[in-house]
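The values are calculated or read from the model by the stated rules, or taken from the named source; none is laboratory data. The model shown is predicted, which means the values in this text are computed figures rather than measured ones. FYI the Cβ positions are ideal-geometry reconstructions off the backbone, even for glycines, and counts take in every protein chain you see.
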Amino acid sequence: MGDLTDKVAIITGAGRGLGREEALQLASQGAKIVINDINLPDAEEAANATVEEIKAAGGDAIAVFGDCADTADSEKLFQTAIDTYGDVNIMVNNAGFCRDKTIFGMSDEEFDSVVRVHLRGHFVNMRNATKYWREKAKTGEQVYARLISTSSEAMLFCSPGQPNYAAAKAGITAMTLGTAQLMIKYGITCNVIMPRARTDMTNQGPTAAMFQAPEEGFDLWNPENVAPLVGYLSSPEAANISGEVFVVWGGRVNIVQRPTLDKFYDNPEGGKWSLESLHNSLGDYFNDDHTPVVDGFSVPPQ
């Protein structure tokens, strides 16, 4: 089950946190691991430590440093993987960070930097992976390929203190589901995970208290709980799963239903709406008993 022997996996932001656990998981299934992280001293130290941990367990891994959202660095990452291992089969986009503010207090830099790392960081690596796989498939070669994107429930709950992060994660989800439709004819799967886990990002701000480790018992928020789903979606057994979104945490996987159209109204007067006809139709629905949608981040019981 889940055999990835000789498969090659690239994981961004894999020095620590979720990426590290995903790297260890895929390595335990036999994959050769290419760890990407930013070229800063603490990140390089963490990535190299993860490489050594994989090797100590009998696996094979390398670290490639650079900016996941930079076109040249992304191309270098992909080419290094091919030069070292001869192929790329699994692309896990994981890297990211937060700059939380409400919309009226957020600077241009705080918005642009988060969107850049998350959304553009997914885009450039997805472009490299899908282009490579498509070209292989067009030659008639059998392609084994899995793309896994990391989104967040911030896009579902529309976190009011994360307009940059929530928007980026919504973009990642839409981009991945569109890519899934494009690549399925080549037998290539593309899926999205929305993890709940204790990471560098959740250890700060209002979520820090929520994700604390318990003094005893099962640790719901341990990032290692997320890794098996990544391992499964990367496996041969998941060949029929594509274009899906999963919330994963603790011992739970929740399949996210795609947005659907709800109640509709036709203009009873026919043709173009007037303000009066709109109010006559919508006013009954949005009457004085209607409560505007204001969702906070909620955690269903385990």
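Under 8 Å between Cβ atoms, which residue pairs at least 6 apart in sequence (or on different chains) link something in segment 177-198 that is closer than 15 Å to Asn240 by Cβ with a partner that is part of a strand (DSSP E or B) and small (Gly, Ala, Ser)?
Close Cβ pairs satisfying both conditions: Cys190/Ser149; Asn191/Ser149.
With Thr150, Thr130 as the choices, which residue is surrounded by 19 or more Cβ atoms within 10 Å (Cβ to Cβ) and over 23 Å from Ala197 (Cβ atoms)?
Selected residue: Thr130, the only one of Thr150, Thr130 that is surrounded by 19 or more Cβ atoms within 10 Å (Cβ to Cβ) and over 23 Å from Ala197 (Cβ atoms).
Among (1) loosely packed, with under 10 Cβ neighbours inside 10 Å; (2) modelled with pLDDT under 95; (3) within 30 Å of Ile184 (Cβ to Cβ), where does Trp249 come up short?
(1)
Restricting to helices (runs of 4 or more DSSP H) lying wholly in segment 4-95: which have 2 or more residues that are charged (D, E, K, R) and closer than 21 Å to Asn222 by Cβ? Steps first, please.
Details: elements: 17-28, 41-56, 71-85.
Output list reads 17-28.
What are the residues in segment 16-47 that are without any contact (Cβ under 8 Å) to a residue 40 or more places away in the chain and out of contact with any Leu (no Cβ under 8 Å at 6 or more places or on another chain), if any?
Ala23, Ala27, Ile35, Asn39, Leu40, Pro41, Asp42, Ala43, Glu44, Glu45, Ala46, Ala47
So if I check each of Thr84, Thr102, which one is modelled with pLDDT of 95 or more and of a type in the set (Ser, Thr, Tyr)?
From the options Thr84, Thr102, the qualifying one is Thr84.
If I ask for residues that are more than 14 Å from Thr12 (Cβ to Cβ) and free of Cβ contacts under 8 Å to residues at least 24 places away in the same chain, which ones from segment 49-81 would you list?
Selection gives Val51, Glu52, Lys55, Ala56, Gly58, Ala72, Gln79.
Considering only residues of segment 189-232 that are surrounded by 20 or more Cβ atoms within 10 Å (Cβ to Cβ), in a helix (DSSP H, G or I) and touching a Leu at 6+ places or on another chain (Cβ under 9 Å), which is modelled with the lowest pLDDT?
Checking each candidate, the answer is Pro223.
Just one of the numbered conditions (1) over 27 Å from Met183 (Cα atoms); (2) at pLDDT below 95; (3) not hydrophobic (A, V, I, L, M, F, W, C) is not true of Asn94; which one?
For Asn94, the failing item is (1).
Where the second residue is charged (D, E, K, R) and modelled with pLDDT of 90 or more and the first is under 11 Å from Cys98 (Cα atoms) and lies in segment 110-122, which pairs have Cβ atoms under 9 Å and are six or more apart or on separate chains?
From residues that are under 11 Å from Cys98 (Cα atoms), the pairs are Val117/Asp67; His118/Lys169.
Does segment 65-75 include one or more residues that are modelled with pLDDT under 95, under 20 Å from Ala227 (Cβ atoms) and either hydrophobic (A, V, I, L, M, F, W, C) or touching a Leu at 6+ places or on another chain (Cβ under 7 Å) (or both)?
Scanning segment 65-75 turns up at least one residue that is modelled with pLDDT under 95, under 20 Å from Ala227 (Cβ atoms) and either hydrophobic (A, V, I, L, M, F, W, C) or touching a Leu at 6+ places or on another chain (Cβ under 7 Å) (or both).
Out of segment 104-114, which residues are surrounded by fewer than 18 Cβ atoms within 10 Å (Cβ to Cβ) and assigned to a helix (DSSP H, G or I)?
Correct list: Phe104, Gly105, Asp108, Glu109, Glu110, Asp112, Ser113.
Quick one: Leu182 ticks every box in (1) in a loop (DSSP other than H, G, I, E, B); (2) farther than 22 Å from Gly19 by Cα; (3) not polar (S, T, N, Q) bar one, so which box is it?
(1)
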